[in-house]
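Down below is the structure, laid out as structure tokens.
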């Protein structure tokens, strides 16, 4: 359902941010925003585990955000976590605590999904233009590069380099000299070289920086007239002058220039080094600035879902084409699986469950493109590790679980809690695949599926089962498979089963 007020929470590697907006005529107008300089990336130890102080700072910030979001419906709020929680080995232990503090689910998104959302936010904050733009976003733990036109990204990448990580690595105690600067620039250049050829080949007319580092650098250059001609934004010449001033000062704290915000000082050296390497490697002379970035992109992506323009639907369609899924068979399985779910939940199935079951049905055969043998395992692998715009890592894991579980033994799903609705989705998908084994449009018999205290119960006409011995045998095997995990799937042979009204 559409909402008048929506909110986005960005658990970044440097800062946590909250943005609340009002939806008016498919546009989002800012109502409120909060920022907490958590510096989550600085809490990653050598073993890539978040230390206790960084977790404490994060939870305190999320509790404050949770107070501001209190009263908003869950569907109107989307919280995303980026690079630090992507790489933290104890993210799985921290996430439930974070969700409890915030009061809403938190999605850990992949680097390219972060890039897509950043571009969506930046493009909505810039004047409409028909030319291609390069958007660069230096975050605390990663840097995203996107080339796109209007609101459509064409090339996206996320590199593991950010202002927090680089400041800690190359500028300890924020000391700044030529040697440290050069080492940081060379390290960033090596990362950028991996993508430079493809980006330069596609090309762009306008380069745009977004988020905190770009904003901080642009402010310093503009307020101190370091750019040639006093122009706005970030110029290569102006950045070189800033680097010279930093080296002369010896540290960011000693840099006596207007426009340097105190909350940005601790990570300014890393951001400056990365930005100078970007301008050099991509031959950029001047970069403008966009106010919108990840948070605004999350809000517009949320708005698209309200209007049935869910990026996840587009991604599923693209995967079906890429992996040459037989569309007619996928549609048969999808329709039957959803009808079974409606019976199981008596028409009250959760919208999210319906969406995931539909996507899983459409994608359950993508693994055949790799090999028919164990294709469900190949499909689950693809869905786990592929870049899937619109899907969080948690979303992908749920989708992969459904595809993995649509055939074969069920012990492989043993980590799924007993009361998880995923078991109902697995059952509906397995039955739909089983009933459409002939891969044609012959009509299915009237059947009835319901939940029981010990599992599930399926009623099918006795005469239909007698006429379809292969399916009857497959159903007997299915009953045995469910018994092996301690659940019942009872098959009742009815004279005339009726579909519920």
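The values are calculated or read from the model by the stated rules, or taken from the named source; none is laboratory data. Just so you know, these numbers come straight off a predicted model, no measurement behind them. A quick note on method: Cβ atoms are made from the backbone with ideal geometry, for glycine too, and the neighbour counts reach across all protein chains shown.
Going by the structure shown, is residue 277 farther than 15 Å from residue 180 by Cα, surrounded by fewer than 24 Cβ atoms within 10 Å (Cβ to Cβ) and either free of Cβ contacts under 8 Å to residues at least 12 places away in the same chain or assigned by TED's automatic domain parsing to the domain that holds residue 123 (or both)?
So residue 277 does not fit the description; no.
Condition (residue is under 22 Å from residue 327 (Cβ atoms) and crowded, with 18+ Cβ neighbours inside 10 Å) applied to region 420-427: is it met by at least one residue?
yes
Please specify each residue of region 210-256 satisfying the condition of being closer than 24 Å to residue 133 by Cα, assigned to a strand (DSSP E or B) and in contact (Cβ under 8 Å) with a residue 60 or more places away in the chain.
Of everything in region 210-256, just one residue is closer than 24 Å to residue 133 by Cα, assigned to a strand (DSSP E or B) and in contact (Cβ under 8 Å) with a residue 60 or more places away in the chain, namely 210.
Could you please find all residues in region 456-471 being crowded, with 16+ Cβ neighbours inside 10 Å, over 41 Å from the mean Cα position of the chain (by Cα) and under 25 Å from residue 346 (Cα atoms)?
460, 461, 464, 465
Applying the selection to region 62-86, what residues are farther than 25 Å from residue 350 by Cβ and surrounded by fewer than 18 Cβ atoms within 10 Å (Cβ to Cβ)?
Residues satisfying the conditions are 63, 64, 67, 68.
Residue 203 - would you say it is surrounded by fewer than 18 Cβ atoms within 10 Å (Cβ to Cβ) and at pLDDT 95 or above?
So residue 203 fits the description; yes.
Regarding region 261-280, can at least one residue be identified that is modelled with pLDDT of 95 or more, under 21 Å from residue 115 (Cα atoms) and in a loop (DSSP other than H, G, I, E, B)?
Taking every residue of region 261-280 in turn, none turns out to be modelled with pLDDT of 95 or more, under 21 Å from residue 115 (Cα atoms) and in a loop (DSSP other than H, G, I, E, B).
Can you tell me which residues in region 373-401 are touching a helix residue (DSSP H, G or I) at 6+ places or on another chain (Cβ under 9 Å) and farther than 21 Å from residue 415 by Cβ?
375, 386, 387, 388, 389, 390
Could you list all residues from region 343-358 that are without any contact (Cβ under 8 Å) to a residue 40 or more places away in the chain and surrounded by fewer than 16 Cβ atoms within 10 Å (Cβ to Cβ)?
If the condition is that a residue be without any contact (Cβ under 8 Å) to a residue 40 or more places away in the chain and surrounded by fewer than 16 Cβ atoms within 10 Å (Cβ to Cβ), then 347, 348, 351, 352 are the ones that fit.
Tell me, yes or no, whether region 80-98 has at least one residue that is under 30 Å from residue 150 (Cα atoms), over 19 Å from the mean Cα position of the chain (by Cα) and modelled with pLDDT under 95.
no
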